[in-house]
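Report on the structure given below.
The values are calculated or read from the model by the stated rules, or taken from the named source; none is laboratory data. Just so we're clear, the structure is a prediction, and the values are computed from it rather than from any experiment. Here the Cβ is made from the backbone with ideal geometry for all residues, glycine too, and neighbour counts use every protein chain on show.
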Amino acid sequence: MPDVGLFTATEPVSKDTPVVIRFSVEVGGLQVYNESYDVDTLIAEVKKDKDKAVALWARRLLCVVEARGRPGFSSAVTRCIADGKCGDYGTEKCVVIDELGPPA
């Protein structure tokens, strides 16, 4: 936490301090997929539709798990996060992770 002291370490983060969640997938120490999420934006999305927000977050976990043993790992992860379908090389022999489709 930036600029905290012994007496202030548990105070809420000030509204003008950005809070970001980073989602990163590495293979052998090399990043193959990376996203950043602004927590203020996530707060609004969770208030709008908590179930969908949680399902889309779970998609990130499940896509990496499903793609682990597939050829074209990076493309499989990227495609799956985009639409909830995980396949060899991103497009073949797809397994449906969820029915949400693209998050638009």
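Within segment 29-42, take every residue that is of a type in the set (Asp, Glu) and assigned to a strand (DSSP E or B) and give me the one that is farthest from THR78 (Cα to Cα). By that ranking, first place goes to ASP38. The set of residues in segment 59-97 being touching a residue at least 40 places away in the same chain (Cβ under 8 Å) and either in contact with a Ser or Thr (Cβ under 9 Å, 6 or more places away or on another chain) or not aromatic (Phe, Trp, Tyr) (or both) consists of ARG59, SER74, VAL77, THR78, ILE81.
Residues checked against (1) within 25 Å of GLY28 (Cβ to Cβ); (2) among the aromatic types (Phe, Trp, Tyr); (3) more than 15 Å from the chain's Cα centre (by Cα); (4) surrounded by fewer than 17 Cβ atoms within 10 Å (Cβ to Cβ):
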residue	(1), (2), (3), (4)
ALA53	no, no, no, no
VAL64	yes, no, no, no
ALA67	yes, no, no, no
PRO71	yes, no, yes, yes
CYS80	yes, no, no, no
GLU99	no, no, yes, yes
PRO103	no, no, no, yes
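The condition (being without any contact (Cβ under 8 Å) to a residue 40 or more places away in the chain, farther than 26 Å from ILE97 by Cα and not in a helix (DSSP H, G or I)) is satisfied by just one residue among GLU26, GLU11: GLU11. With respect to the stated conditions, ALA76 is in a helix (DSSP H, G or I) and either at pLDDT below 95 or touching a helix residue (DSSP H, G or I) at 6+ places or on another chain (Cβ under 7 Å) (or both).
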